[in-house]
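The values are calculated or read from the model by the stated rules, or taken from the named source; none is laboratory data. It should be emphasised that the depicted structure is a prediction, and the values quoted were computed from it without experimental measurement. Don't worry about glycine lacking a Cβ; one is built from the backbone with ideal geometry, like all the others, and counts go over all protein chains shown. Note: areas computed on protein heavy atoms with side chains; ligands, DNA, RNA excluded. Shrake-Rupley method; radii C 1.70, N 1.55, O 1.52, S 1.80 Å.
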Amino acid sequence: MEARVGMVVESGHGNSVKLLQQKNQQSQIGTMSQLLAGGLAGAFAKTCTAPLSRLTILFQVQGMHFDVAALSKPSIWCEASRIVNEEGFRAFWKGNLVTIAHRLPYSAVNFYAYEHYKNLLYSLMGENCKGNASAHPFVHFVGGGLSGITAATATYPLDLVRTRLAAQRSSTYYMGISHAFNTICREEGFMGLYKGLGATLLGVGPNLAISFSVYESLRSIWLSRRPDDSTVMVSLACGSLSGIASSTATFPLDLVRRRMQLEGAGGQARVYNTSLFGTFRHIIQNERARGLYRGILPEYYKVVPSVGIVFMTYETLKMLLSNIASC
């Protein structure tokens with residue numbers, strides 16, 4: 001899920017938190033420093049919330065290779081206890097290394113793509129629209145969606161490998177990032193790295209677009225009524241709410257994406273031999289509509305801490321890089 005509070009950083013749908021660069025920061029530190037600070041802040045936030053992210057993935061894929069009727073009611077505490085007892089405490093961070101490797105290129109592509117699409121949209125709409133407040137939500141919505149699609153496509157293989165590593169339970173099939181890449185290409189072909197891309201593209205655009213537009217709308221309303229409130233508090237609150245809104249709206253697509261990414265993984269039989277919408281229909285028929293929201297609770301729980309960690313880390317790194325640049 002993604003939320004906008006001041007720089008380019010993801011957390012998530014994942015549910016990831018997306019933070020978009022504020023205009024006046026370009027004069028304070030350079031673009032490369034912005035991306036470095038944003039990437040490091042995002043990676044640190046991802047690492048801190050990795051246990052909740054892994055729990056989300058494990059809940060999302062429940063029902064793929066198990067009898068749904070035999071599955072107990074999902075419990076975060078029970079699943080967390082199982083991980084500690086069967087896999088060890090470090091297993092909460094399975095797949096986190098590839099998440100960190102995914103962070104900086106995703107941020108860079110998304111940042112530059114957003115700026116490009118934003119300028120393109122303003123040029124198509126006419127220069128006068130830049131000063132038109134009613135045009136801004138449209139630009140944020142469309143520009144955010146297109147930049148999210150571009151970044152997700154460019155870095156998708158890393159996201160798929162991360163899902164497969166995180167979804168492994170007691171038995172281990174993929175021994176690491178390079179082994180996972182080699183095994184997938186050998187057993188499933190190069191296009192195996194792009195399984196579930198359709199669901200990703202269908203979900204990531206609305207996810208980012210909703211978070212951008214909700215953030216901008218909430219922030220505008222808040223500041224118009226309470227202009228003296230702390231900008232940090234406003235950013236954190238609006239960023240958290242926009243992340244929750246976008247995650248709730250697009251979580252079913254994220255769940256379908258995870259399951260399609262795991263199709264045929266580790267030599268297991270394929271479960272969904274249908275299209276994207278056929279997969280939706282299969283899940284609803286076998287698990288009912290609530291099956292599309294397996295894992296939504298740990299996704300919600302990580303929104304506020306993720307936004308807070310990213311914001312504080314980014315601001316600290318920004319000041320540090322600004323001091324280094326001024327020396």
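Brief remarks on what is shown
- Among the candidates Val271, Val232, residue that is more than 20 Å from Gly42 (Cα to Cα), modelled with pLDDT under 85 and out of contact with any Pro (no Cβ under 6 Å at 6 or more places or on another chain): Val271
- All positions within segment 88-100 that are under 14 Å from the mean Cα position of the chain (by Cα) and among the aliphatic types (A, V, I, L, M): Val98, Ile100
- When restricted to residues that are at pLDDT 90 or above and of a type in the set (A, V, I, L, M, F, W, C), segment 143-164 contains 4.
- Taking each residue of segment 53-73 that is closer than 19 Å to Gly264 by Cβ and looking for partners that are modelled with pLDDT under 60 and open to solvent by 20 Å² or more (accessible area, probe 1.4 Å) with beta-carbon atoms closer than 9 Å, six or more apart or interchain, yields Gln62/Val68; Gln62/Leu71; Gly63/Leu71.
- One residue stands out among those in segment 249-288 that are part of a loop (DSSP other than H, G, I, E, B) and among the polar types (S, T, N, Q): the one that is nearest to Ser213 (Cα to Cα), which is Ser275.
- Test result for Pro206, touching a Leu at 6+ places or on another chain (Cβ under 9 Å), farther than 30 Å from Thr183 by Cα and open to solvent by 40 Å² or more (accessible area, probe 1.4 Å): yes
- Among all positions in segment 216-225, there is no residue which is in contact with a helix residue (DSSP H, G or I) (Cβ under 8 Å, 6 or more places away or on another chain) and under 18 Å from Ile57 (Cβ atoms).
- Taking segment 146-174 as the range and being touching a His at 6+ places or on another chain (Cβ under 7 Å) and of a type in the set (D, E, K, R) as the test, the residues that pass are Asp159, Arg162.
- Within segment 187-235, the set of residues being in contact with a Ser or Thr (Cβ under 8 Å, 6 or more places away or on another chain) and charged (D, E, K, R) comprises just one member, Arg219.
- Selection within segment 226-248: residues that are among the polar types (S, T, N, Q) and in a helix (DSSP H, G or I). The member of this set that is nearest to Ile210 (Cα to Cα) is Ser246.
- Test: residue in segment 165-177 that is modelled with pLDDT of 90 or more and among the charged types (D, E, K, R): no
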